[in-house]
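The values are calculated or read from the model by the stated rules, or taken from the named source; none is laboratory data. For clarity, every value in this text was computed on a predicted model and none was experimentally measured. Virtual Cβ from ideal backbone geometry, glycine too; neighbours counted across all protein chains shown. For the accessible areas, the whole protein counts, side chains as well, though only heavy atoms, and no ligand, DNA or RNA atoms are used. Shrake-Rupley method; radii C 1.70, N 1.55, O 1.52, S 1.80 Å.
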Amino acid sequence: MALQEVTQRIFTVRRPSSLALELEGFLLDCRSRNLAAGTLRFFEQKLHPLLVWLEQRGVMAAEEIKALHLRAWLVELTNAAHTPGGVHAFYRAAKAFCTWLEAEGSVEVSPMKRVRPPKLPVEQLEPVSMADVKAMLATCGPSRLLDLRDAAILLALLDTGCRAAEFTALSFGDADMRSGSLLIRSGKGGKPRVTFLGVTSRRAVLKYIRKRGEPQDGEPLFATDEGGRFTYFGLRSVIERRATQAGIEPPTLHSFRRAFALGCLRNNVDVYSLQRLMGHTSLAVLRRYLAQTEADLQRAHEKGGPVDRLL
């Protein structure tokens, strides 16, 4: 929703319900704090259904929202076959909105303070397999520009742990090919960080750049066939094309990030360094990867535990 439309809805004479007005104020506050576009979409997509649900039950003002309403709403979301992660996302959005209502003085105490978060199961976050990466690399020839670029993309995605949006935003000037450092200028939440390309990935990227011709600092590090910057869907099409050529199921872009995280943990990188490399604000997501490394230990014990082989 455009900023002009939001302000018109707030200051119009024919106002909507006071609860709807509060939501527009919350979204305007998010824009004024320059929150990421994805964050704004998240709040709009999760909170508008909540408003509809509340208004259908006669709740038209912020002070009328009770913890009981919010618990019932979460139960209905669960019964409507939303995944646990999806229900938790609705919970987070509602909590942010209610916290804002309290800060604005619209409610004395946020009703979400009495609503416990829905329990999330510990899910296995599947990474791209190394066998699949090797199969896709095998489809890349040794000399054509397209092959060199795609091989460099595959290795760099795996080696940096970048999110797709971070990867497509990389410019040539963000890369130091001597140290391997990559400057992520605008990570999640607008926070910059540094990650790295290893020796093998650097060689692949340099081989591609020599064939392409050295770009200017502001030009994309990885360019489309036309020389432009990749979109998310363009980057995904590279992976899908190589997977099809390799005869495997196309992995997701995010599965490369998962493989980076698990690879680092399995090679004894400490979680705090990995948190900084991946740009996580907390260890919550990394704990899910740690659960998988514990499963690795369990499999190792099942394979070599002495007591099970005693008799």
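In this simple spin-label model, placing a label point 7 Å from the Cα along the Cα-to-Cβ direction at both R287 and A72 gives a separation of 3.2 nm.
With a Cα-only, solvent-free Debye model of the stretch 214-266, what are the log10 I(q)/I(0) values at q = 0.21 Å⁻¹? Per q value, in the given order, log10 I(q)/I(0) is -0.88. Spin-label model, T252 to R212: label points 7 Å out along the Cα-to-beta-carbon direction sit 2.6 nm apart.
Model label sites at T200 and T244, defined 7 Å from Cα along the beta-carbon direction, differ in position by 2.7 nm. The phi torsions of the stretch 98-110, fed into the Karplus equation with coefficients 6.51, -1.76 and 1.60 and a -60° offset, translate into couplings of 5, 4, 5, 4, 5, 5, 7, x, 6, 10, 5, 9, 4 Hz, rounded to whole numbers, with Gly and Pro shown as x. Annotation: extensible slack from S186 through R114 equals 22.4 nm (criterion: 0.36 nm per residue apart, minus Cα-Cα distance).
Within straight-line reach of K119, meaning a Cα separation under 26 Å, sit the following lysines at least 8 residues removed in sequence or on another chain: K46, K66, K95, K188. Computed about its Cα centre, the charge dipole of the stretch 186-311 is approximately 160 debye, with only Lys, Arg, Asp and Glu carrying charge at their Cβ.
Where does the chain land on Rg/Rh, using Cα atoms and the Kirkwood Rh?
On the way: Rg = 24.0 Å, Rh = 22.7 Å.
For the chain, the value is 1.05.
Whole number please: convex hull volume per residue of the Cα set in the stretch 189-311, in Å³? Please report the intermediate quantities before stating the final value.
On the way: hull volume 22.1 nm³, N = 123.
Considering the Cα atoms of the stretch 189-311, their hull volume per residue is 180 Å³.
The Cα center of the stretch 213-231 and the Cα center of the stretch 266-280 differ in position by 29 Å.
Ordering 295-304, 167-176, 141-150 by mean Cβ neighbour count within 10 Å, with the highest value first, yields 167-176, 141-150, 295-304.
For the stretch 70-150, with equal point scatterers placed on the C-alpha atoms only and solvent neglected, what are the log10 I(q)/I(0) values from the Debye formula at q = 0.15, 0.19, 0.22 1/Å, to two decimals? Scattering profile of the stretch 70-150, log10 relative to I(0): -0.66, -0.85, -1.01.
Across the accessible surface of the chain, with the other protein chains kept in place and a 1.4 Å probe, carbon and sulfur atoms take up 54 percent. The slack between A103 and R236, meaning 0.36 nm per residue of separation minus the straight C-alpha distance, is 43.7 nm. With springs only between Cα atoms under 10 Å apart, run a GNM on the chain and tell me which of G213, G187, G227 wobbles the most. It is G213.
Across the stretch 66-73, rounded Karplus estimates of 3J(HN,Hα) from the backbone phi angles (6.51 cos²θ - 1.76 cosθ + 1.60, θ = phi - 60°) give 10, 4, 4, 4, 5, 5, 5, 5 Hz, Gly and Pro being marked x.
Kindly state, as a whole number, the per residue volume in cubic angstrom of the convex hull around the alpha carbon atoms of the stretch 122-272. Show your work: numbers first, answer last.
Numbers: hull volume 18.9 nm³, N = 151.
In the stretch 122-272, the Cα convex hull volume per residue is 125 Å³.
What you get for the chain, charging only the Cβ of Lys and Arg (+1) and of Asp and Glu (-1), is a dipole of about 500 debye around the Cα centre.
Put simply, the stretch 14-117 fits an ellipsoid with semi-axes of 20, 17, 13 Å; these come from the alpha carbon gyration tensor as the roots of five times its eigenvalues, largest first.
Start at zero, step by 5 Å, and the Cα-Cα distances of the stretch 260-311 spread as 5, 19, 25, 16, 11, 9, 8, 4, 2, 1 percent across the bins.
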